[in-house]
Every structure is written in C-alpha cells, then in structure tokens.
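Written out below as structure tokens is the structure these notes cover.
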Amino acid sequence: MSSGVRIAVIGATGAVGKESLEILEERKFPLAHLRLFASKRSAGQSMKCLGRSWKVEELTPDADFSGIDIAFISATDDISREYGPRLAAAGATVIDDSSVFRMDPQVPLVVPEVNPESAHQAQRGIISIPNCTTTPLVMALKPLHEAATLRRVVVTTFQSVSGTGAAAMEELMAQTRALFLFKEPEVKVYPYQIAFNLLPQIGSFSEDGDCSEEIKIVNESRKILDLPQLRITATTVRVPVMRCHCESVNIETEKPLHPDHARELLSAADGVAVQDEPSAGLYPMPLPSTGKDEVFVGRVRADASVPHGLNLWLSSDNLRKGAALNAVQIAQILVKAH
Ligand SMILES: NC(=O)c1ccc[n+]([C@@H]2O[C@H](COP(=O)([O-])OP(=O)(O)OC[C@H]3O[C@@H](n4cnc5c(N)ncnc54)[C@H](OP(=O)(O)O)[C@@H]3O)[C@@H](O)[C@H]2O)c1
C-alpha cells in the first residue's frame, strides 16, 4: 500500500457513507483510487473526495472487485452478508458497519482506542465495527474497569434518528414540518411518529422482551472488553434528535472509585473528553457533540445506593465515532502496519 490505498465504499450515498468520504478527506487518507457503490437509484451520481470527483457505480452481483485494498461496507445487513465475503475473497480487507459478522469469533470487533491489536486478526478478511452505542460505552468503561474492576453496568440510551439512516432523518424533518402546518405526519420508517415523541424500541423484540439493539450492546461490550461474564443490561430509546447518541451509564465496581478519580481517568483516555461542570451548565449534549470526534462524558457522580456505584452521562456523534470515524481509524491502523 506504499503508493496509496485503493478504497471502495459500499453505501457511499448513505448517512454513514457520506461521512466516511468527509473523514477520508479530513485525515488526508493516502488514497490511490476510490470506488463508490450504491443502489441503482444513485448510480451515475458524482461525489467529491480528496479534491476529485468520483462516479457512483451500481452494486451488482457481477461487479469486479479486483484491486481493492480496503472496502468499507455501510449499506444494509443483506448487502454485508452477500458482498462482505465476496470482497474479502477478491483480496480486500473489509471493514463492515453492519451487525452481521460482529459476534463471529473469526471476525474482530474493533474500537481503535480499546482493542486496536484485534484489527490484525481478521481471519476471514473481515473486521466489524460495533453498534454506534457500544463504541462510546466501551471507550468510557475501559479506563474505569482497569482502575476499579467493573462488577455491573446498567445503560440507558437516547439515540438520534440518524442512527437509522438518511430516510429516518428525512422523516423527522418531514413530520416536524407537517405538525407545524397542522397536517397529519406521515409515518414510514418507525412504528410510530418520532417527532415530539420517543420510542422505547430499537430493532425487534426477543421472546424475553429485550430489543435487538439492547442485546447487541450487551454482547458486543463483552466481546470488545474481553469480559465474557460482564454483568451488563441495556434499555435503548429512540429520541427525536437528528444526530448524536446519549447514554446514561450506571456502574458498580469491585474497588472504590471516587468521581474525581473517574474524571481524571476519563480525561486521560484516548478519544474521551470530560465535560463536567454542571453548576456552570457544562455537560455533554447532542448539538455540541455533532461533527466532533470525541466521546464526551459528564455528570460523573457517586451512586450512593450501592457500595461502589457511579453514574455518568455521555454523548457521541453516531455517524462519526459510532460509524465512519471508527471505520477509517481501523483503515489507518491497517495502512500503518504495511
Ligand atoms: N447510522 C449510524 O449511526 C450507523 C452506525 C453504525 C453502523 N451503521 C450501519 O451502517 C450501515 C449504513 O447505515 P446508514 O445509516 O448510512 O444507512 P442509509 O443512510 O440508509 O444508507 C444506506 C446506503 O446503502 C445503499 N443501499 C441500500 N440498498 C442498496 C442496494 N440494494 N444496493 C446497493 N446499495 C444499497 C444506499 O444507496 P442509495 O442511496 O442508492 O439508496 C445508501 O448508500 C447499516 O448497516 C447500519 O446498520 C449505521
């Protein structure tokens, strides 16, 4: 890859795909060639990246994937399932955004600030990135675990509509506009109106009553932190916010962990920024987190209801650290290793 990297972005026209192009540009990625794929709807469009215009190709089963070094897939589960192994077989290292391969023992699930060494263990030629709520959560949990050993984690998420993709962002805008014009809002993407509402459901429900997003957070956190027995439970909520996911996190630790010490540990953690002066009105929120790379953590305080309890609140841009940025950082690790 010394003369530059040949990249493909599958799902280039989506919410994550567009962000990926911006981040490749911002980070001056050593690009030799770029191929962009999307559905028939977008084929022929031009998109800009690193000072050049690139044509979007239609993704078809007879596409020739030879000569691609790294392929980002940010499309749908079905596309990841079908094209991930095909791109890997053609010689590309695949960095996949979907949940399809995340729990496969031969597929590393990577957050560069937490388990970067796993990026070199892609036995199937595929690396997964976590769910957009798992990534900021494990970034905050890792330094706290190393200092005080996690005993239990309870997390409640407040997830923006961009986590569902471009169509959901349009739906929130369209419903808001309709309501201000005293019209009936159209409901297409979610089971209920999302504008001026919130939905305690993300994904489908299991027989036990958990929704699929909650199960992902539990399983993925255990895999990335390499804590298969970690006691962790989640409730995931969709909120009428355009971008950035927030999480209320309650932890119990084996050893005592003072909030001041927790703040110091979080401030020193890669990719984490502490915003915690509540009396001055400083705490993490979606709007100021938008477009930022860091996971912002605040409201760090003792939970006196258990011997060693701590509450914290975090906010992170789901399209950046929750998806595109995490994937590009993994690509940078791969490029550096060559
Ligand atoms: N949004 C997030 O915060 C987030 C975070 C982590 C992971 N992810 C994952 O990232 C992936 C993409 O999410 P997104 O939010 O970017 O979704 P999105 O905005 O809906 O974009 C989907 C992309 O996939 C393309 N696509 C859809 N059907 C296709 C087909 N049949 N053939 C070829 N291309 C097709 C779309 O092309 P057209 O524009 O032509 O329709 C578009 O480029 C998903 O797997 C999602 O689970 C998302």
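Of note:
- Meets criteria (in contact with a strand residue (DSSP E or B) (Cβ under 6 Å, 6 or more places away or on another chain) and of a type in the set (A, V, I, L, M)) for Val107: yes
- Residue selection: Lys292 fails the criterion of being of a type outside the set (S, T, N, Q), over 21 Å from Ala32 (Cα atoms) and assigned to a helix (DSSP H, G or I).
- Residues satisfying the stated conditions in the stretch 85-100, i.e. within 10 Å of the ligand (Cβ to nearest atom) and free of Cβ contacts under 8 Å to residues at least 40 places away in the same chain: Asp96, Ser98, Val100
- Hits in the stretch 1-30 (condition: of a type outside the set (D, E, K, R) and either surrounded by fewer than 14 Cβ atoms within 10 Å (Cβ to Cβ) or more than 23 Å from the chain's Cα centre (by Cα) (or both)): Met1, Ser2, Ser3, Gly4, Val5, Pro30
- Criterion applied to Ile95, Ile70 was being of a type in the set (Val, Ile, Thr), over 18 Å from the mean Cα position of the chain (by Cα) and crowded, with 23+ Cβ neighbours inside 10 Å, and the one residue passing it is Ile70.
- Selection within the stretch 243-284 - at positive phi and within 25 Å of the chain's Cα centre (by Cα): Cys244, Gly271
Yes/no matrix, rows are residues, columns are (1) among the aliphatic types (A, V, I, L, M); (2) surrounded by fewer than 16 Cβ atoms within 10 Å (Cβ to Cβ):
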site	(1), (2)
Glu184	no, yes
Asn197	no, yes
Asn219	no, no
Lys223	no, no
Leu227	yes, no
Thr236	no, no
Arg243	no, no
Cys246	no, no
Leu287	yes, yes
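- Residue match in the stretch 158-173 (condition: farther than 23 Å from Gly14 by Cα and surrounded by 16 or more Cβ atoms within 10 Å (Cβ to Cβ)): no
- Filter result (crowded, with 19+ Cβ neighbours inside 10 Å and touching a residue at least 40 places away in the same chain (Cβ under 8 Å)) within the stretch 101-112: Arg102, Leu109, Val110, Val111, Pro112
- From the options Leu319, Leu312, residue that is under 25 Å from Ile202 (Cβ atoms), of a type outside the set (Phe, Trp, Tyr), within 16 Å of the ligand (Cβ to nearest atom) and modelled with pLDDT of 95 or more: Leu319
- Verdict on Ala148 being surrounded by 18 or more Cβ atoms within 10 Å (Cβ to Cβ) and either assigned by TED's automatic domain parsing to the domain that holds Asn250 or among the small types (Gly, Ala, Ser) (or both): yes
- Test: residue in the stretch 157-167 that is under 25 Å from Leu141 (Cβ atoms), touching a residue at least 12 places away in the same chain (Cβ under 8 Å) and among the aromatic types (Phe, Trp, Tyr): yes
To keep it simple, each residue is scored yes or no on (1) under 26 Å from Val16 (Cβ atoms); (2) at pLDDT below 95; (3) touching a helix residue (DSSP H, G or I) at 6+ places or on another chain (Cβ under 9 Å).
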position: Ile215; (1), (2), (3): yes, no, no
position: Thr236; (1), (2), (3): yes, no, yes
position: Met242; (1), (2), (3): yes, no, yes
position: Pro278; (1), (2), (3): no, no, no
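Quick grid of which residues meet (1) away from the ligand (no atom under 16 Å from the Cβ); (2) in contact with a His (Cβ under 9 Å, 6 or more places away or on another chain):
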{"site": "Asn115", "(1), (2)": "yes, no"}
{"site": "Gln121", "(1), (2)": "yes, no"}
{"site": "Ile127", "(1), (2)": "no, no"}
{"site": "Thr135", "(1), (2)": "no, no"}
{"site": "Met139", "(1), (2)": "no, no"}
{"site": "Leu144", "(1), (2)": "yes, no"}
{"site": "Ala147", "(1), (2)": "yes, yes"}
{"site": "Val153", "(1), (2)": "yes, no"}
{"site": "Thr164", "(1), (2)": "no, no"}
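The values are calculated or read from the model by the stated rules, or taken from the named source; none is laboratory data. Not measured: the values here are computed from a predicted model. With ideal geometry, Cβ positions are generated from the backbone for all residues, glycine too; neighbour counts draw on all protein chains shown.
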